[in-house]
Amino acid sequence: MHTINHSLVLGGDPGIGKDTALAGPRYAVGAWNFGECNPSQLFGDYTAAFLEKVILRVNEARDAGDGKNGKVSRWDFYEHTKTLMASPPDTLPVRKLYLNFYDIMNVVGLIITTNNKTNGLYLKHDDRRHYVAWSLLTSADLPEGYFNTMWDWYGKGGFEHVAAFLRAYDLSKFDPKAEPPKTPAFWEIVGVNRAAEDTELTDLLAYLGDPLQLNIGRPNEMTLPEAITLDWVVEEAIEGSFSEVYLFFNDRKNRRVVPTKFDEAGYAAIRNPTDARDGQWEVAGKRRTVYVLKHLNPRDALKAVSELQRFLDRRAKRRAASDDPVSV
């Protein structure tokens, strides 16, 4: 059995029928194979009742604070549930009251429902575990008696029709391991969770990769520099009035999270194989850590470092000649 490597997020205003929409699939897999819980219950000791299911619906996902006093923050929820949304792992450890932990086959499919777009889930820009389907309807958009009519249809054979439809649906071209599409609602949630300096860093890197702004208005053709240094980013933040980036990276207490910020922007540090001490590179006369786009192969990554060295060396010489240095 192939486990789908992502969860389904159903979002929208209260009273639009998220519960009603799931009633059909619940009948199709059998009520005993359909579990429901809230986010905090997934962090409890006894999870067998929830995870020994084919479908598990997590109700009303929303941020519950800083994770203290038994509350589950959206960041904790994100990290904790990632292993439930993919296979491998092929098994999951669970526990029942009065029993030790034991392993079950990982076949559970997660469905997360939420009414909160701005204070519900935490999602990273490179997330591959959530397909977000968000409804723009409100309860006022539904005709009077809608739910009575729907449940009346369910009771008069509708459940059987749903089960028959799902059983006959052609999944031969569906890849359960493929990355789900990133919907507009997905990007809205990502944007809400991004710090101001992260958003501005993306804009700055796009500018550095496309200084003539040839791709303005063409978001699918964003060009990023293949290699960067922290100094270069901060210098350009000064010159380009990217104040959030400058203030964040120029604050020494934030230097430890620089690799994380660059990682989230798509970059990873590359070690200098000829430097036995700390793997740094000589850039414009100074020893610096260089970061390259993570998707580059080793050969292209080293080429990107060389081009960055030449570019910043020429830049430093021009500034020295014009007596116009930028202090960082």
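Note on the chain: with a GNM built from Cα contacts shorter than 10 Å, the maximum mean-square fluctuation among Arg252, Arg57, Arg288 falls on Arg252. Computed extension gain for Asp126 through Asp13, at 0.36 nm per residue and net of the alpha carbon distance, reaches 38.1 nm. Taking every Cα-Cα distance in the chain and sorting them into 20 Å bins starting at zero, the pair-distance distribution P(r) comes out as 24, 46, 25, 5, 0 percent.
Rounded to the nearest 0.05, the FRET efficiency derived from the C-beta distance between Gln41 and Ala140 at R0 = 25 Å is 0.20. Taken about its Cα centre, the chain carries a charge dipole of roughly 820 debye when the Cβ of each Lys and Arg holds +1 and the Cβ of each Asp and Glu holds -1.
Of the residues Gly11, Gly120, Gly24, the one that moves most in a GNM of the chain with alpha-carbon contacts below 10 Å is Gly24.
The order of Tyr267, Tyr98, Tyr78, going from fewest to most other C-beta atoms within 10 Å of their C-beta, is Tyr98, Tyr78, Tyr267. Once you reduce segment 180-212 and segment 1-44 to the center of their Cα atoms, the two points are 30 Å from each other.
Percent of Cα pairs in segment 113-198 per distance bin of 5 Å, from zero to the largest separation: 3, 11, 14, 13, 15, 16, 16, 9, 3, 2, 0, 0. Measuring against 32 Å, Cα to Cα, the residue pairs Lys156/Lys182; Lys117/Lys156; Lys261/Lys286 contain Lys156/Lys182; Lys117/Lys156 as the ones spanning a longer distance.
Using 1/(1 + (r/R0)^6) with R0 = 22 angstrom and r between the beta carbons of Glu239 and Val192, what's the FRET efficiency to the nearest 0.05? Kindly include the intermediate steps, with their values, before the conclusion.
Values: r = 30 Å, r/R0 = 1.34.
In this case the efficiency is close to 0.15.
Think of the chain as a dipole: +1 on every Lys or Arg Cβ, -1 on every Asp or Glu Cβ, centred on the Cα centre; then among Tyr154, Thr274, Asn100, Thr274 lies furthest on the positive end. Only Cα pairs under 8 Å and 6+ residues apart enter the sum, and on that basis the relative contact order of the chain stands at 17 percent. Based on DSSP H runs of at least 4 residues, each adding -39500 (n - 2.57), what is the mean residue ellipticity at 222 nm of the chain after dividing by all its residues, to the nearest 500 deg cm²/dmol? After summing the helix terms and dividing by the residues of the chain, the value is -10500 deg cm²/dmol. Here Lys177 is the anchor, and the lysines within straight C-alpha reach of less than 24 Å, apart from those fewer than 8 places off in the same chain, are Lys53, Lys82, Lys124, Lys294. The Rg/Rh ratio of segment 249-298, with both radii computed over alpha carbons and Rh defined as the Kirkwood radius, is 0.99.
When the Kirkwood radius is taken over all Cα pairs of segment 90-237, what Stokes-Einstein diffusion coefficient follows at 25 °C and 0.890 mPa s, in µm²/s? Don't jump to the answer; show the numbers that get you there.
Details: Rh = 21.0 Å.
After rounding, the answer is 117 µm²/s.
Note: segment 194-321, Cα convex hull, 124 Å³ per residue. A Förster radius of 30 Å, combined with the Cβ-Cβ distance separating Met222 from Ala168, puts the computed FRET efficiency at roughly 0.10.
What order do you get for Thr83, Thr274 when you list them from fewest to most C-beta neighbours inside 10 Å?
In order of increasing Cβ crowding within 10 Å: Thr274, Thr83.
Can you compute the label reach from Arg318? Point 7 Å from Cα along the Cβ direction, backbone N cut-off under 17 Å, restricted to segment 264-293. So the set is 284-285. Solvent-free Debye calculation, one equal scatterer per alpha-carbon of segment 7-190: log10 I(q)/I(0) at 0.11, 0.16 Å⁻¹ equals -0.55, -1.16.
Laboratory data are not the source of any read-out in this text; all were calculated from the coordinates shown. Note that this is a predicted model, so its numbers are computed, not measured. Heads up, the Cβs are rebuilt from the backbone with ideal geometry, glycines too, and the neighbour counts pull from every protein chain shown.
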